[in-house]
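S.K.: Before I ask anything, here is the structure I am working with.
The values are calculated or read from the model by the stated rules, or taken from the named source; none is laboratory data. Everything numeric here is computed off the predicted structure, so don't read it as measured data. FYI the Cβ positions are ideal-geometry reconstructions off the backbone, even for glycines, and counts take in every protein chain you see. Remember, those area values only see protein heavy atoms, side chains included, never the ligands or the DNA or RNA. Shrake-Rupley method; radii C 1.70, N 1.55, O 1.52, S 1.80 Å.
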Amino acid sequence: MKKLIFLFLSMISLVALNSCDKRDDIQKDIDDLNSRLDQLEPMLAQLNENISNYQGVLDGKLLVMGYAVSENGDYTVELSNGETIKIYSGKPAEDLPLFSIADGKWFYTQGDETYPLMNSEGQQAPALGETGVTPKIRVNAQGMWEYSLDNGKTWLGNIGPANPAQGSAGVSIFTNVIVSDDGSSLTFEWKNGETVMSQTVALYGGLSLDVDYGSAPVAFALGESREFKVTQTKVENVVIETNTWGVKLDEKKIYITAPTVNVQGKEYEDKIVLKIFSKEGYCKAVIIPVKLLTK
């Protein structure tokens, strides 16, 4: 009888240990998925911003105002809306879908294969013109890529798992950028399957307004006024966009006054937008990031 009791208790222990092992495996899978999502979160914001700006450039709604090249050959392309597109010299390590436009429609490349990006009705999503849509991308709770063609109202899947790798240089939707010999245009290159696609856009250089405000965001106490040196090039007119901050601009300085009341009751960041126009009518947004303190 003692042997039977011992055997019975041993079987219970074995089941319990096996159950614990399975729970540990499930928890490890959950932890791994959460870790992948944490890695991808900052990349997704940049990727979605790049997709939108990329479409705006090819559709003629955004102008390329300038560019900078880092020591390792990475390009930062400056756009007329004050944002940038980054083109990395090395291939990103993440297994990210690479979005591209060909014949006015959206495609995506996963690995070495290229597929049409389809809407919920089984039609390929248009990219340019009045019917063009801008895809947004995310990773769902199961670790799978999803995309939206209606600004996040509905999400579609079937474009594979999200498996980011460590140590990537960054996220880029272009594979290369070429500056023309006379500096008047940039040519963006990307892959559509094995085919290298390209689009040449004019470079509207020279229009600038640089604000010497140091590190960002610039912190202000309630009601505080500060002035900063500015350098303007080919600026014909400036439109200042801000709701609660006081801003005055002359040829050499900008004067900023913070709100006297912090309606949020805590420190928060804001931005002052200066839209500058050239004599020819080219427009560029200059953004000054600011932070309002509680005292």
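S.K.: Using 0.36 nm times the number of residues separating residue 255 and residue 68, minus their current alpha carbon distance, what extension gain do you get?
M.R.: Numbers: separation 187, 0.36 × 187 = 67.32 nm, distance 2.84 nm.
In short, 64.5 nm is gained.
S.K.: Quick one: ranking 277, 99 by accessible area, 1.4 Å probe, largest first, what do you get?
M.R.: Values: 277 60, 99 0 Å².
So, going from the largest accessible area down, we get 277, 99.
S.K.: Between the stretch 50-66 and the stretch 233-295, what is the C-alpha centre distance in whole Å?
M.R.: Cα centroid of the stretch 50-66 versus Cα centroid of the stretch 233-295: 23 Å apart.
S.K.: Right, another one. Can you tell me the length gained on complete extension of the stretch residue 226 to residue 76, counting 0.36 nm per residue apart and subtracting the Cα distance?
M.R.: Between residue 226 and residue 76, full extension yields an extra 51.0 nm.
S.K.: If r is the Cβ-Cβ distance from residue 200 to residue 237 and R0 is 22 Å, what FRET efficiency results, to the nearest 0.05?
M.R.: On the way: r = 29 Å, r/R0 = 1.32.
The value I calculate is 0.15.
S.K.: Still on this structure, please answer the following. How much length is gained if the chain between residue 113 and residue 154 is pulled fully straight, taking 0.36 nm per residue apart and subtracting their Cα-Cα distance, in nm to one decimal? The partial results should precede the final answer.
M.R.: On the way: separation 41, 0.36 × 41 = 14.76 nm, distance 2.51 nm.
Gain on stretching residue 113 to residue 154: 12.3 nm.
S.K.: Taking R0 as 51 Å, what's the FRET efficiency between residue 277 and residue 140 from their Cβ-Cβ distance, rounded to 0.05?
M.R.: On the way: r = 43 Å, r/R0 = 0.84.
It comes to 0.75.
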